[in-house]
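I have placed the structure first, in the form of C-alpha coordinates, so that the comments after it can refer back to it.
The values are calculated or read from the model by the stated rules, or taken from the named source; none is laboratory data. Here the structure is a predicted model, which is why all the values come from computation and not from measurement. Every residue, glycine as well, gets a Cβ built from its backbone with ideal geometry; the counts of neighbours run over all protein chains shown. The accessibility values were calculated without ligands, DNA or RNA, using every heavy atom of the protein model including side chains. Shrake-Rupley method; radii C 1.70, N 1.55, O 1.52, S 1.80 Å.
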Amino acid sequence: MYIKDSRGNELVEIIEVAEDAARQKHAPVTHCLAAVRVGSDYLLGWNNWREDWEIFGGCMEAGETMRECILRECLEEIGISDIEPEYLGLMHLNLAPDHFAAECREEYGGLYGIKLPPEALEEIERHRLDREEIGKVALLKDIGPHERIAEIDRALLTYMEESA
(Lines give C-alpha, C1' and ligand atoms only; values in the text may rest on other atoms or scores of the structure.)
Protein backbone atom coordinates (compact mmCIF):
# COMPACT_ATOMS: atom_id res chain seq x y z
CA MET A 1 0.00 0.00 0.00
CA TYR A 2 1.31 3.41 -0.91
CA ILE A 3 -0.50 6.74 -0.83
CA LYS A 4 0.67 10.34 -0.87
CA ASP A 5 -1.69 13.00 0.44
CA SER A 6 -2.11 16.61 -0.64
CA ARG A 7 0.12 17.79 2.23
CA GLY A 8 3.05 15.66 1.05
CA ASN A 9 2.73 12.92 3.68
CA GLU A 10 3.29 9.38 2.45
CA LEU A 11 1.99 6.12 3.84
CA VAL A 12 4.65 3.79 2.48
CA GLU A 13 3.40 0.47 3.83
CA ILE A 14 1.79 -1.35 6.70
CA ILE A 15 4.32 -3.69 8.22
CA GLU A 16 3.26 -6.99 9.75
CA VAL A 17 5.31 -7.09 12.94
CA ALA A 18 4.31 -8.24 16.41
CA GLU A 19 3.05 -5.47 18.64
CA ASP A 20 5.63 -6.17 21.34
CA ALA A 21 8.50 -6.21 18.80
CA ALA A 22 7.51 -3.18 16.69
CA ARG A 23 9.49 -0.57 18.62
CA GLN A 24 12.61 -2.76 18.76
CA LYS A 25 12.59 -3.40 15.01
CA HIS A 26 11.48 0.03 13.74
CA ALA A 27 12.18 3.52 14.99
CA PRO A 28 10.97 6.01 15.76
CA VAL A 29 7.46 4.85 16.63
CA THR A 30 5.83 8.19 17.41
CA HIS A 31 2.07 7.74 17.35
CA CYS A 32 -0.88 5.37 17.15
CA LEU A 33 -4.14 5.47 15.20
CA ALA A 34 -7.38 3.54 15.59
CA ALA A 35 -10.07 2.92 13.04
CA VAL A 36 -13.26 2.75 15.11
CA ARG A 37 -16.08 0.68 13.66
CA VAL A 38 -19.50 1.40 15.15
CA GLY A 39 -21.91 -1.24 13.98
CA SER A 40 -21.31 -1.52 10.24
CA ASP A 41 -19.77 1.92 9.70
CA TYR A 42 -16.64 3.82 10.70
CA LEU A 43 -16.57 6.74 13.10
CA LEU A 44 -14.45 9.77 12.21
CA GLY A 45 -13.56 12.93 14.09
CA TRP A 46 -13.43 16.46 12.68
CA ASN A 47 -9.96 17.83 13.43
CA ASN A 48 -10.41 21.55 14.09
CA TRP A 49 -6.71 22.25 13.52
CA ARG A 50 -6.20 20.36 10.24
CA GLU A 51 -9.79 20.98 9.10
CA ASP A 52 -10.56 17.47 7.94
CA TRP A 53 -12.21 14.25 9.06
CA GLU A 54 -9.77 11.74 10.51
CA ILE A 55 -9.56 8.44 12.31
CA PHE A 56 -8.62 8.71 15.97
CA GLY A 57 -5.23 8.70 17.64
CA GLY A 58 -2.22 10.80 18.44
CA CYS A 59 1.36 11.07 19.60
CA MET A 60 2.92 8.75 22.13
CA GLU A 61 3.94 10.26 25.44
CA ALA A 62 7.27 9.56 27.14
CA GLY A 63 7.44 6.03 28.54
CA GLU A 64 4.15 4.99 26.94
CA THR A 65 3.66 1.74 25.02
CA MET A 66 1.72 1.78 21.78
CA ARG A 67 -1.24 0.12 23.48
CA GLU A 68 -1.19 2.64 26.33
CA CYS A 69 -1.10 5.43 23.76
CA ILE A 70 -4.12 4.22 21.81
CA LEU A 71 -6.10 3.56 25.00
CA ARG A 72 -5.36 7.11 26.24
CA GLU A 73 -6.20 8.65 22.88
CA CYS A 74 -9.49 6.73 22.71
CA LEU A 75 -10.42 7.98 26.17
CA GLU A 76 -9.59 11.57 25.23
CA GLU A 77 -11.06 11.67 21.73
CA ILE A 78 -14.06 9.35 21.98
CA GLY A 79 -14.59 9.04 25.72
CA ILE A 80 -14.37 5.27 25.98
CA SER A 81 -12.07 3.20 28.14
CA ASP A 82 -13.58 -0.28 28.33
CA ILE A 83 -12.16 -1.47 25.01
CA GLU A 84 -9.72 -4.02 23.68
CA PRO A 85 -8.08 -2.55 20.54
CA GLU A 86 -6.93 -5.06 17.95
CA TYR A 87 -3.36 -4.42 16.85
CA LEU A 88 -3.21 -4.52 13.03
CA GLY A 89 0.37 -3.59 12.22
CA LEU A 90 2.86 -0.78 12.02
CA MET A 91 2.45 2.09 9.57
CA HIS A 92 5.63 3.24 7.84
CA LEU A 93 5.32 6.94 6.94
CA ASN A 94 7.34 9.70 5.35
CA LEU A 95 5.98 12.92 6.80
CA ALA A 96 6.18 16.43 5.40
CA PRO A 97 7.17 19.40 7.58
CA ASP A 98 4.40 20.43 9.97
CA HIS A 99 3.92 21.87 13.46
CA PHE A 100 5.75 18.82 14.92
CA ALA A 101 8.94 19.21 12.85
CA ALA A 102 10.39 21.67 10.34
CA GLU A 103 11.99 18.89 8.26
CA CYS A 104 10.71 15.89 6.33
CA ARG A 105 11.02 12.74 8.42
CA GLU A 106 10.47 9.00 8.47
CA GLU A 107 8.25 7.72 11.28
CA TYR A 108 6.28 4.66 12.30
CA GLY A 109 2.90 4.44 13.99
CA GLY A 110 0.83 1.66 15.48
CA LEU A 111 -2.45 0.86 13.72
CA TYR A 112 -5.38 -0.53 15.70
CA GLY A 113 -8.98 -1.48 15.04
CA ILE A 114 -11.82 -1.07 17.52
CA LYS A 115 -15.34 -2.48 17.19
CA LEU A 116 -18.24 -0.92 19.09
CA PRO A 117 -22.00 -1.55 19.08
CA PRO A 118 -24.27 1.12 17.52
CA GLU A 119 -25.51 2.22 20.95
CA ALA A 120 -21.96 3.40 21.76
CA LEU A 121 -22.53 6.59 19.71
CA GLU A 122 -24.61 8.17 22.46
CA GLU A 123 -21.96 7.34 25.09
CA ILE A 124 -19.20 8.70 22.86
CA GLU A 125 -20.91 12.05 22.39
CA ARG A 126 -21.55 12.37 26.14
CA HIS A 127 -18.09 11.33 27.37
CA ARG A 128 -15.47 12.40 24.86
CA LEU A 129 -12.99 14.79 26.44
CA ASP A 130 -10.94 16.43 23.68
CA ARG A 131 -13.38 18.82 22.04
CA GLU A 132 -10.76 21.45 21.31
CA GLU A 133 -8.97 19.31 18.70
CA ILE A 134 -11.82 16.95 17.76
CA GLY A 135 -14.76 19.30 17.25
CA LYS A 136 -17.34 16.69 16.33
CA VAL A 137 -17.69 13.03 15.44
CA ALA A 138 -19.74 11.40 12.69
CA LEU A 139 -20.20 8.09 10.96
CA LEU A 140 -18.59 7.89 7.53
CA LYS A 141 -22.01 7.52 5.86
CA ASP A 142 -23.11 10.85 7.37
CA ILE A 143 -20.14 12.86 6.08
CA GLY A 144 -21.02 14.86 2.98
CA PRO A 145 -19.41 14.10 -0.38
CA HIS A 146 -17.69 17.50 -0.48
CA GLU A 147 -16.31 17.35 3.07
CA ARG A 148 -12.59 16.74 3.36
CA ILE A 149 -11.49 13.34 4.70
CA ALA A 150 -7.74 12.93 5.27
CA GLU A 151 -6.50 10.91 2.26
CA ILE A 152 -4.26 8.57 4.23
CA ASP A 153 -7.04 7.92 6.75
CA ARG A 154 -9.45 7.11 3.91
CA ALA A 155 -6.86 4.65 2.55
CA LEU A 156 -6.51 3.10 6.00
CA LEU A 157 -10.28 2.58 6.17
CA THR A 158 -10.17 0.88 2.75
CA TYR A 159 -7.32 -1.31 4.04
CA MET A 160 -9.44 -2.20 7.08
CA GLU A 161 -12.37 -3.21 4.87
CA GLU A 162 -10.18 -5.31 2.60
CA SER A 163 -8.47 -7.00 5.57
CA ALA A 164 -11.73 -7.88 7.34
>> For segment 40-85, which positions are β-branched (Val, Ile, Thr), touching a Cys at 6+ places or on another chain (Cβ under 7 Å) and either within 18 Å of Pro118 (Cβ to Cβ) or surrounded by fewer than 17 Cβ atoms within 10 Å (Cβ to Cβ) (or both)?
In response: Ile80, Ile83
> Which of the residues belonging to segment 23-82 are under 14 Å from Ala120 (Cβ atoms) and hydroxyl-bearing (Ser, Thr, Tyr)?
Replying inline: Ser40, Tyr42, Ser81
> Among the residues of segment 6-17, is any in contact with a Phe, Trp or Tyr (Cβ under 8 Å, 6 or more places away or on another chain), among the charged types (D, E, K, R), open to solvent by less than 50 Å² (accessible area, probe 1.4 Å) and in contact (Cβ under 8 Å) with a residue 60 or more places away in the chain?
Replying inline: yes
>> Considering only residues that are more than 13 Å from the chain's Cα centre (by Cα) and either surrounded by 11 or more Cβ atoms within 10 Å (Cβ to Cβ) or under 20 Å from Cys32 (Cβ atoms) (or both), which ones fall in segment 143-157?
In response: Ile143, Glu147, Arg148
> Taking segment 102-124, which residues are part of a loop (DSSP other than H, G, I, E, B) and either open to solvent by less than 30 Å² (accessible area, probe 1.4 Å) or closer than 16 Å to Glu19 by Cα (or both)?
Replying inline: none
>> Please go through segment 125-144 and give me each residue that is in contact (Cβ under 8 Å) with a residue 24 or more places away in the chain and in a loop (DSSP other than H, G, I, E, B), ordered by number.
In response: Arg128, Leu129, Asp130, Glu132, Glu133, Ile143
